[in-house]
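**Student:** Before anything else, here's the structure in question.
Laboratory data are not the source of any read-out in this text; all were calculated from the coordinates shown. Only a predicted model underlies this, so the values are computations on that prediction, with no experimental measurement involved. Quick reminder, even Gly has a Cβ in these numbers, built from the backbone with ideal geometry, and neighbours come from all protein chains shown.
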Amino acid sequence: VDECATGTRNCDQHASCTNTPGSFTCACNPGYHGDGTSCTDIDECSTSSHNCAQHATCTNTPGSFTCTCDGGYLGSGTVCTDVDECDTGANNCDQHASCTNTLGSFTCVCNPGYHGDGTSCTDIDECSTSSHNCAQHATCTNTPGSFTCTCDNGYLGSGTVCTDVDECATGTHNCDQHASCTNTPGSFTCACNPGYHGDGTSCTGL
């Protein structure tokens, strides 16, 4: 009698029946353990008898298991590859921040001239915070992420170095021909010569 075919067997529903001469045997299916008449699901996740990748989550299922790659990784679950969020654009870094890929994630750091947590970066006003290198006789102008230095009137230079212009020596003054020019820091003065009177830019003979 083929007990497996006739159903006169007592194998567990999760077991396979094999007919033998005058009898039969029961063997638990893969993913189950027991004597064949009683089969219990094997939790491959808790027993570490799975092949999920290091960066994957194992979920037990009846008679088997599934592997799902963790956040920041892509793949089948048995193989998981790090996602470069910086390269794919799947990051929330501010437009004024640099993105650095890390295993399973990424970091955002504000660019020089900006401050914040990397996901939100605000321009630093170097002029108001005195974190600039403009010369004493220069004007600092804030720009996005930086600043510029411009020498004040009466001075020449790069802005970080400003030298007084001697208007008297260069002839870039407006003193009257009958006046003497005296250079001053950033400017000059005009004084009418003896025998003349006026404000220095206009002198009339006495």
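**Student:** Sticking with the crude label model, points 7 Å out along Cα→Cβ, report the distance from THR18 to THR66 in nm, one decimal please.
**Tutor:** 3.2 nm
**Student:** Once each part is reduced to its C-alpha centroid, what is the distance from segment 19-68 to segment 82-147 in angstrom?
**Tutor:** Each part reduced to its Cα centre gives a spacing of 54 Å.
**Student:** I'd like the FRET efficiency for ASP117 and LEU156, computed as 1/(1 + (r/R0)^6) with the beta carbon distance as r and R0 of 25 Å, rounded to 0.05. Write down the numbers at each step before the final one.
**Tutor:** Details: r = 42 Å, r/R0 = 1.69.
E(calc), rounded to 0.05, equals 0.05.
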